[in-house]
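The values are calculated or read from the model by the stated rules, or taken from the named source; none is laboratory data. Because the structure is predicted, anything quoted here is derived from the model rather than measured. Neighbour counts run over all protein chains shown; Cβ positions are idealised from the backbone, glycine included. In case anyone asks, the SASA skips ligands and DNA or RNA and just uses the protein heavy atoms, side chains included. Shrake-Rupley method; radii C 1.70, N 1.55, O 1.52, S 1.80 Å.
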Amino acid sequence: MTAAPAHAGRLRAALLLWLLLALAGGARAQGAGGVVSGRVLDPEGAPVAGATVRLFRAVEGTQLRAGPSDAEGAFRFEGVPAGRWRVRAERIGFAAAEAEVRLAGGESRVVELRLSGAAAVEVEGIEVRSTRDTRRERARFETEAGVTARVITGRELKVLPGLAEADVLRAIEVLPGVVSTSDFSSAFHVRGGSADQNLILLDGFPVFNPFHLGGLFSVFNSDVVARAELLAGGFGAEYGGRVSSVLGVETRDDAAPGVTGEAGVSLLASRLALRSPLPALLGGEGGMAYVSARRSYFDVILPEPVRFPYHLTDLQAGAVMGTPGGGTLRFTGYTGRDVLDLSDFDPPGDDDDAGDVLRVQWNWGNDVAGLRWSQPLGGWVADTRLGFSSFGETLGFVDFADTRFSSRIQQLTLRSDLARELSPRLGVRLGAEGNRLDYRNRSTAGGTDFFFAEDDGVLGAAYAQFRWRPDDAWIVEPGLRGDAWRAQETTHATLSPRLSVKRFFGRERDGAVKLAVGRYTQFLHSLRDESFPLSNDTWVVADASIPTVVSDQAQAGIERYWGEDWYASAEGYWRRFRGVTAVNFADDPNDETDNLLEGDGRSYGMDFMLRRTTGRLRGWAALSLLRARQTLPDPLAEGWSDLPSTLDYPPVYDRRVDVDLVLQYDLPWKLEAGARWNYGSGIPYTRPLGQYVDWDYDLSSGEYRVVRRTPQDEEGPAPFAVVLGPRNGERYPAYHRLDLSLRRTFRPRWGTATPYLQVLNMYNKRNPLFYFYNFDNSPPTRSGISMFPALPTLGLEVSF
């Protein structure tokens, strides 16, 4: 149980800092101008998304600008000339709201438009100057204090070069603060955290293992993805369950009249997505429904000598519809499977080789189902979620029917959030949730369980998050989250205070400095070996012998917009992780409590980003600097007084320098070109130093003898043992790669057709994946396996 006095002291310190910042907030921004911004609220004060906001000249009545309010009800018009202006907001189901502002040269005004009454509003077609996704990132900048948010749109996903087709998780790798360790894995690491410390959400519901083929590509179908938003740090008290980052993948909810569809064929898989409008079934506005399917065909179309008996399937479906009073009901469902079936595999060559093949049946996959209801309730906006998520894996051996490995984890979630604008300067968000998690990991051979672990637990959490704007120059966001986890009659309780502060600057309030500090907790771990690229997660939950991960974090940065075209940011961070785990390979088989080693981790670094979002040439450059370390007990040092009891080493994702350059260019003849160049300094690995014959002293004969640990060792030469150097004491050479893509969209009567060409590793850089050392040679020799060679792929996407 966490000590309450320590938490109380930290909470008092956080509240004191909040008070001091509030008292310092009297200095207002001077000279801000040229901007009319604000929020659209309903009669009860809740934000209204999707309202049409127009800016008119007050005297002539001519319209200058128009655009939609975002998810927070926010809107913004820049470059507004001096004079009198009328701002009008319209939304179906409400009577319009209007306000007049008088703008001096280079001045800024913030207005609140509160819709009233219920009325049908006829909305004319409008021209929107910027995309919804760009506005979302800008809205977070203007309305939230400390969060570091990065958005990749569905369109950007299509243009970014990927492995045969667009991939959400591969795209995330190009953002600042994100590190990938291998071409063969789309698992990612954020600011010194391990891959299992990322909370990955599909429409607000967790996905445990969002990878196919051991991490080679993700489970998300890009045809139904609207956007992917990564919160790399500074996220508020409403987020819990992971300590490193939050990745939210949102599906498209747009629907044209009638049934529409999209399909794609690549060297990897074929996919199809259909969507259709829905009538007003629940007494509110109409909605839409969609279904998406994908299947690979390595096991079908490849010729017999090279046919690979593996396939993946994805099936995703969902629906969105309106409810009375302006609410929304959303259903999300996903199921996916990977199947590797070598039971009938006959390798090419001599029949004598067939006995050397290990025939396995291996399958794994995710299931997600969730229902989400958002509804205005008497001045509050309620968001309630009920969801189920699971991941399972089984591995069997055809020739050893009694040998089997299986793993499974499940989570059932019920959550409700309430948000309200108490005044134009103060907003609050409250929430509570309950989760039940259970897992089972089992390894069986000959009717004996060589490894069996199962557990379940209940997690309850509640939070309060405030947003206070003492004036137009400051945003202060204090928050507090409490988590209580119970498993095996053991209770872990933690308080997680969080505080974010932002101070705007510039004539148009388009720049800001920000600070965020907070504590984050996590009650589950993956046992996946992150030094091996192709592997799945095996999950366990915290209990009496498995620790809770607690991370204290701080970050500070500066960011600025230049109109709608350019954005730049620089941010530094520091993180400490307690409760880091690693598999104990020297565990005692008779001790069930020493399967994992428990230690600490720490990281610090800087992230830089420069981005252009408009024009023919768009894209961004990102630079990430990172130092990460872990300290764990050394089980082999037990009983040796002259050896250190702990190991301090860089984890495999300690990439000190990471550079990404992403460009998208509109060429003549309606061609779209995309490029991504990545440079990364070498990641660490443990180098073998030599080998020796393992001898042991035989007490019965008084002689030394060669240690032969298995029956196979009794035949042939004496087995060798390997001497390893310091853990992760060496580094691979620097990694770099250039990927290119080219697309052309044709528009026949029935829809669109977009053939595309992608080339990974354009200049065929041989980036090492593994090294192998042969000490039988004199001198010893080193060989290796490289990652992707130059790899061109073709594909076709159609919509109808």
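Restricting GLY557, GLY572, GLY639, GLY563 to residues that are in contact with a Gly (Cβ under 8 Å, 6 or more places away or on another chain), without any contact (Cβ under 8 Å) to a residue 40 or more places away in the chain and of a type in the set (Gly, Ala, Ser) narrows the list to GLY572.
Taking the criterion of being among the small types (Gly, Ala, Ser) and outside any loop (DSSP other than H, G, I, E, B), the residues of segment 232-259 that qualify are ALA232, GLY233, SER245, GLY248. Of all the criteria given as (1) modelled with pLDDT of 85 or more; (2) part of a loop (DSSP other than H, G, I, E, B); (3) over 30 Å from GLU421 (Cα atoms), the one not satisfied by ALA145 is (3). Residues of segment 66-117 that are in a strand (DSSP E or B) and more than 22 Å from GLU564 (Cβ to Cβ): ARG84, ARG86, GLU90, ALA95, ALA97, GLU98, ALA99, GLU100, ARG102, GLU112, ARG114, SER116.
Does PHE577 satisfy being more than 30 Å from ASP537 (Cα to Cα), at pLDDT 95 or above, among the aromatic types (Phe, Trp, Tyr) and surrounded by 14 or more Cβ atoms within 10 Å (Cβ to Cβ)? Considered against the rule, which asks whether it is more than 30 Å from ASP537 (Cα to Cα), at pLDDT 95 or above, among the aromatic types (Phe, Trp, Tyr) and surrounded by 14 or more Cβ atoms within 10 Å (Cβ to Cβ), PHE577 comes out as no. Consider PRO668 against the criteria (1) within 30 Å of ALA586 (Cβ to Cβ); (2) without any contact (Cβ under 8 Å) to a residue 24 or more places away in the chain: it satisfies all of them except one. Which criterion is unmet? Evaluating PRO668 over (1) within 30 Å of ALA586 (Cβ to Cβ); (2) without any contact (Cβ under 8 Å) to a residue 24 or more places away in the chain leaves (1) as the failure.
Just one of the listed residues (LEU247, LEU213, LEU278) is open to solvent by 40 Å² or more (accessible area, probe 1.4 Å) and touching a strand residue (DSSP E or B) at 6+ places or on another chain (Cβ under 6 Å), and it is LEU278. Of note, GLY236 does not satisfy the criterion of being open to solvent by less than 10 Å² (accessible area, probe 1.4 Å) and over 13 Å from the mean Cα position of the chain (by Cα).
In a residue-by-residue description of segment 604-615, the property of being aromatic (Phe, Trp, Tyr), modelled with pLDDT of 95 or more and open to solvent by less than 40 Å² (accessible area, probe 1.4 Å) applies to no position. Of all residues in segment 778-800, those satisfying the criterion of being under 28 Å from the mean Cα position of the chain (by Cα) and open to solvent by 60 Å² or more (accessible area, probe 1.4 Å) are PRO789, PRO792, LEU794, LEU796. For segment 637-652, the tally of residues that are surrounded by 11 or more Cβ atoms within 10 Å (Cβ to Cβ) and either in contact with a Lys or Arg (Cβ under 7 Å, 6 or more places away or on another chain) or at pLDDT 80 or above (or both) stands at 8. Considering only residues in segment 583-595 that are open to solvent by 30 Å² or more (accessible area, probe 1.4 Å) and either in contact with a helix residue (DSSP H, G or I) (Cβ under 7 Å, 6 or more places away or on another chain) or of a type in the set (A, V, I, L, M) (or both), the one that is farthest from GLU638 (Cα to Cα) turns out to be VAL583.
Could you tell me whether segment 476-485 includes any residue that is in contact with a helix residue (DSSP H, G or I) (Cβ under 6 Å, 6 or more places away or on another chain), among the β-branched types (Val, Ile, Thr) and buried (at least 19 other Cβ atoms within 10 Å of the Cβ)? Yes, the conditions are met somewhere in segment 476-485. Of all residue pairs spaced 6 or more apart or on separate chains, those with beta-carbon atoms under 6 Å, a first member in segment 772-800 that is of a type in the set (A, V, I, L, M, F, W, C) and a second member that is exposed (fewer than 12 other Cβ atoms within 10 Å of the Cβ) are PHE772/SER783; PHE800/TRP750. Note on segment 673-691: residues that are open to solvent by less than 20 Å² (accessible area, probe 1.4 Å) and under 17 Å from SER783 (Cβ atoms) amount to 1.
Given the condition at pLDDT below 85, outside any loop (DSSP other than H, G, I, E, B), open to solvent by 20 Å² or more (accessible area, probe 1.4 Å) and closer than 30 Å to GLY322 by Cβ, answer yes or no: does some residue in segment 375-393 qualify? Checked segment 375-393: at least one residue is at pLDDT below 85, outside any loop (DSSP other than H, G, I, E, B), open to solvent by 20 Å² or more (accessible area, probe 1.4 Å) and closer than 30 Å to GLY322 by Cβ. Go through segment 87-98 residue by residue and tally those that are open to solvent by 10 Å² or more (accessible area, probe 1.4 Å) and either touching a Gly at 6+ places or on another chain (Cβ under 8 Å) or free of Cβ contacts under 8 Å to residues at least 24 places away in the same chain (or both). Total satisfying the criteria: 5.
Taken together, the criteria exclude SER69 from residues that are polar (S, T, N, Q), within 25 Å of ILE475 (Cβ to Cβ), buried (at least 21 other Cβ atoms within 10 Å of the Cβ) and modelled with pLDDT under 75. The residue list ARG150, ARG170, ARG155 contains one member that is open to solvent by 10 Å² or more (accessible area, probe 1.4 Å), in a strand (DSSP E or B) and closer than 26 Å to SER569 by Cβ, which is ARG150.
Of all residues in segment 193-202, exactly one satisfies the criterion of being open to solvent by 10 Å² or more (accessible area, probe 1.4 Å) and in a loop (DSSP other than H, G, I, E, B), namely SER194. Hydrophobic (A, V, I, L, M, F, W, C), buried (at least 21 other Cβ atoms within 10 Å of the Cβ), in a loop (DSSP other than H, G, I, E, B) and touching a residue at least 60 places away in the same chain (Cβ under 8 Å) - does that describe any residue in segment 514-523? Yes, that holds for at least one residue. The set of residues in segment 524-549 that are acidic (Asp, Glu) and open to solvent by less than 20 Å² (accessible area, probe 1.4 Å) comprises ASP537, ASP543.
With respect to the stated conditions, SER423 fails to be surrounded by fewer than 18 Cβ atoms within 10 Å (Cβ to Cβ), farther than 23 Å from GLY365 by Cα, in contact (Cβ under 8 Å) with a residue 12 or more places away in the chain and hydroxyl-bearing (Ser, Thr, Tyr).
Can you pull out every residue in segment 257-271 that is open to solvent by 40 Å² or more (accessible area, probe 1.4 Å), modelled with pLDDT of 85 or more and over 23 Å from VAL759 (Cβ atoms)? Selection gives VAL259 alone.
Conditions tested, residue by residue: (1) within 25 Å of ILE683 (Cα to Cα); (2) at pLDDT 90 or above; (3) of a type outside the set (Asp, Glu).
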position: ALA718; (1), (2), (3): no, no, yes
position: SER741; (1), (2), (3): no, yes, yes
position: ARG744; (1), (2), (3): no, yes, yes
position: PRO755; (1), (2), (3): no, yes, yes
position: TYR763; (1), (2), (3): yes, yes, yes
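Among the conditions (1) modelled with pLDDT of 75 or more; (2) within 19 Å of GLY284 (Cβ to Cβ), ARG109 misses just one, which is (2).
Taking segment 603-711 and the strands (runs of 3 or more DSSP E) fully enclosed by it, the elements with 1 or more residues that are aliphatic (A, V, I, L, M) are at 617-633, 646-649, 657-667, 671-680, 688-693, 703-706. Examine segment 299-317 for a residue that is touching a helix residue (DSSP H, G or I) at 6+ places or on another chain (Cβ under 8 Å), under 27 Å from TRP362 (Cβ atoms) and aromatic (Phe, Trp, Tyr), and state whether such a residue exists. Yes, segment 299-317 contains at least one residue that is touching a helix residue (DSSP H, G or I) at 6+ places or on another chain (Cβ under 8 Å), under 27 Å from TRP362 (Cβ atoms) and aromatic (Phe, Trp, Tyr).
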